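J.: Have a look at this one before I ask anything.
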């Protein structure tokens, strides 16, 4: 137990020492990742202290991780402690993606800053029903600019557009500056229903057509008949987007299974059409 008034300064020192290190690979991470890690760690330790855990930074343990997950998921077993400490329970749980990200930051902290490798487990180990917090990478809706054009006054982009839109990346000119420029241009979800990231979605979906000759699932496309062609296409799209995992491509083009589930059932004697 600790009531160290200097814990914030000490946590910042630990962050400064290890924050650039990748969690599993011998390389550094982006400024964006470092900023998100730092903010996440301060939020987590602040929440633990509000809940009555005045822990030393080096004594973070499994029970503290469980408490954090209980709060993020709105687990009722934390209700009494929250009420006693004046901490509001969440009205709805955070998404699986958000919780997994927070656990990832805590995992890196445990592995690199306090020497407790393996302390942070997968999300499924902390929840009563893992199926309720199973993360899906598949896009559920078309987030491309072209896909949004029907509901917003956007001029659909074509392959003849300037090539710079295909590689639109905030890291090229600084994320904050890039966001400011987009806001001044009115390219925001609030004003137009799209973000600059939608250009990546559009590139991925159009590239999917080029590589497989079928529309992306999120646009109602049929399943590619050749599994090997589809596999190679997803991998190449992932590489073009700067990722190494072909599964992440589903976040841009959707999943054939999810697309088929959203289509109406075919009438007897008629084949289902995309």
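The numbers here are math on the coordinates, done by the rules we state, and not lab data. The structure presented is a predicted model; accordingly, all values stated were derived computationally and were not measured. Cβ atoms come from the backbone with ideal geometry, glycine included; neighbour counts cover every protein chain shown.
J.: Order the peptides 35-42, 98-105, 57-64 from the highest to the lowest mean number of other Cβ atoms within 10 Å of their residues. It would help to have the intermediate numbers written out before the result.
T.: Values: 35-42: 16.9, 98-105: 18.5, 57-64: 15.1.
The densest-packed peptide leads the list: 98-105, 35-42, 57-64.
J.: Sort 71, 197 by Cβ crowding within 10 Å, fewest neighbours at the top.
T.: 197, 71
J.: Using a Förster distance of 30 Å, how high is the FRET efficiency between residue 3 and residue 24, based on the Cβ-Cβ distance and rounded to 0.05? All intermediate terms of the calculation are to be shown ahead of the outcome.
T.: Values: r = 34 Å, r/R0 = 1.15.
Given R0 = 30 Å and the Cβ-Cβ separation, E is 0.30.
J.: Also, I was wondering about something else. Return 208, 243 ranked ascending by Cβ neighbour count within 10 Å, so the fewest neighbours appear first.
T.: Starting with the residue having the fewest Cβ neighbours, the order is 243, 208.
J.: So how far apart, in nm, are the two label points at residue 184 and residue 129 if each is 7 Å from Cα heading toward Cβ?
T.: Here the modelled spin labels are 4.9 nm apart.
J.: By the gyration tensor of its Cα atoms, with a ≥ b ≥ c the square roots of the eigenvalues, what is the shape of the range 1-99: rounded for a/c under 1.5, prolate for a/b over b/c, or oblate? Display every interim value, and only then the final one.
T.: Details: a/c = 2.39, a/b = 1.42, b/c = 1.68.
The shape class here is oblate.
J.: Would you order 178, 133 from fewest to most other beta-carbon atoms within 10 Å of each residue's own beta-carbon? Write down the numbers at each step before the final one.
T.: On the way: 178 16, 133 21.
So the ranking, lowest neighbour count to highest, is 178, 133.
J.: How far is it, in nm, from the label point at residue 54 to the one at residue 191 when both lie 7 Å from their Cα along the line to the Cβ?
T.: 4.9
J.: Measuring from label point to label point, each 7 Å out along Cα→Cβ, what is the residue 141 to residue 245 span in nm?
T.: Spacing of the two 7 Å Cα→Cβ label points: 2.4 nm.
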